[in-house]
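Trainee: My questions all concern the structure below.
The values are calculated or read from the model by the stated rules, or taken from the named source; none is laboratory data. Every value quoted in this text rests on a predicted model; they were computed, and no experiment measured them. Ideal geometry is used to build each Cβ from the backbone, glycine not excepted, and the neighbour counts take in all protein chains shown. In case anyone asks, the SASA skips ligands and DNA or RNA and just uses the protein heavy atoms, side chains included. Shrake-Rupley method; radii C 1.70, N 1.55, O 1.52, S 1.80 Å.
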Amino acid sequence: MNSWSIADQAEVETWAAIRDNGRSSLARAATLSLLYLLAALAVGAFLLFAVAQICEGAVYYVGWEEEEFVVTWMYTLMWIYAGAAVIALAGWLLVLLSLQGRLPVFLSVVAAKIPGVGRAIQTIALADFCESIYRSVVGSQTYGDAFRFAAQEARFTPLRNWAAHSALQLDAGQSWEHALSHPPIKDHPLAAVTALGQGQLSREETIRMWYQAASDSHSLIESRSQRSVRHLFRIGLIGAVLTAGFAILAANTAIVSVIEGLTYFGWW
């Protein structure tokens, strides 16, 4: 592995394709799930609005007391549906912008903690980092330059800032274990590198270490991105069914109540 062969270049290109496929599959799944959910929320809100308009002004008797049917709860539920749509849209934007590395640190950390999706986002970013370091050590660059180059290529803001800071520490003569302390992504490929790198390694061993880290990271992408895609589709479908079903139930309850106690409508 002392020279950059055609096979090495082909494997790096394969890794790049795996990362691109992981990003595109996550973005596509998040978009489709959002569309399912927004469609269900829109249909549910329209149904609630239509029924509220029909029921507004209806009166009924409780004993001998005339009561007007209250529809304010239906309008409140419509606003709840609108809030849910805003939250879903915000989550979709977090996922897409995090995949592109366009979020500030705080929002990147929030996106990385989204259940079922955050781990896949972090794994793609870790694979970017490990593959970049691997290419640098094969090219006989210093660790300071390697981390600086990885910081430029990283699409995960916390990892980008950490790599840039580690590059400065390595340039200043800090030890390997000190420069690699407290990484923003604590996954086993990077943990293995941190443990192995504390010893005295030859160039061949160093290249093999980073090659294994990059290979393991890309293997994790394929498994975790598939799980995340299934998770996103489940969220979209289940959320759409629940929100639409709840709106139908609420509207049906209102209509039945009006019909049972109906005496007249204000517009008759």
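Trainee: Quick one: accessible surface of E222, probe radius 1.4 Å, all protein chains present, in square angstrom to the nearest 10.
Mentor: The value for E222 is about 90 Å².
Trainee: With +1 on each Lys and Arg Cβ and -1 on each Asp and Glu Cβ, how big is the dipole of the stretch 24-255 about its Cα centre, in debye rounded to the nearest 20?
Mentor: 780
Trainee: A further question on this structure: From the residues A52, S136, I259, which one has its Cα farthest along the dipole of the chain in the positive direction, the dipole being from +1 and -1 charges on Cβ of Lys/Arg and Asp/Glu about the Cα centre?
Mentor: Going by the charge dipole, the pick is S136.
Trainee: Here are a few candidate values for volume of the Cα convex hull per residue in Å³: (i) 132; (ii) 114; (iii) 156. Which one was actually calculated from the structure I just gave you?
Mentor: Checked against the structure: label (i).
Trainee: As I understand it, the value is the acute angle between the Cα axis of helix 157-171 and the longest principal axis of the Cα atoms of the chain; what does it come to in degrees, rounded to 10?
Mentor: 20
Trainee: Using alpha carbons only, how many degrees (0 to 90, rounded to 10) separate the axis of helix 72-100 from the longest principal axis of the chain?
Mentor: The helix 72-100 is inclined about 10 degrees to the chain.
Trainee: What's the extension gain from N21 to F233 if we count 0.36 nm per residue and subtract their Cα-Cα distance?
Mentor: 74.6 nm
Trainee: At 1.4 Å probe radius, can you tell me the per residue accessible area of the chain in Å²?
Mentor: 53
Trainee: Using Cα-Cα distances under 8 Å and only pairs 6 or more residues apart, what relative contact order does the chain have, in percent?
Mentor: 33
Trainee: Also, I was wondering about something else. Treating the angle as unsigned and between 0 and 90°, give the value, to the nearest 10°, between the Cα long axis of helix 6-55 and the longest Cα principal axis of the chain.
Mentor: Its long axis makes an angle of about 10 degrees.
Trainee: Working out 0.36 nm times the residue gap between V241 and L107, then minus their Cα-Cα distance, what length gain in nm do you get to one decimal?
Mentor: 45.3 nm
Trainee: Could you work out how far apart the two model spin labels at H165 and L32 are, taking each label as a point 7 Å from the Cα in the direction of the beta carbon, and quote it in nm?
Mentor: Those two pseudo-labels are separated by 3.9 nm.
Trainee: Once both labels are modelled 7 Å past Cα along the beta-carbon direction, what's the A195-E67 spacing in nm?
Mentor: 6.7
Trainee: Now for a separate question. Can you give me the distance in nm between label points at E153 and Q212, each placed 7 Å from the Cα along the Cα-to-Cβ direction?
Mentor: 2.1
Trainee: Can you pull the percent of the chain's accessible area that's carbon plus sulfur, 1.4 Å probe, other chains left in place?
Mentor: Result for the chain: 65 percent of the exposed heavy-atom area is carbon or sulfur.
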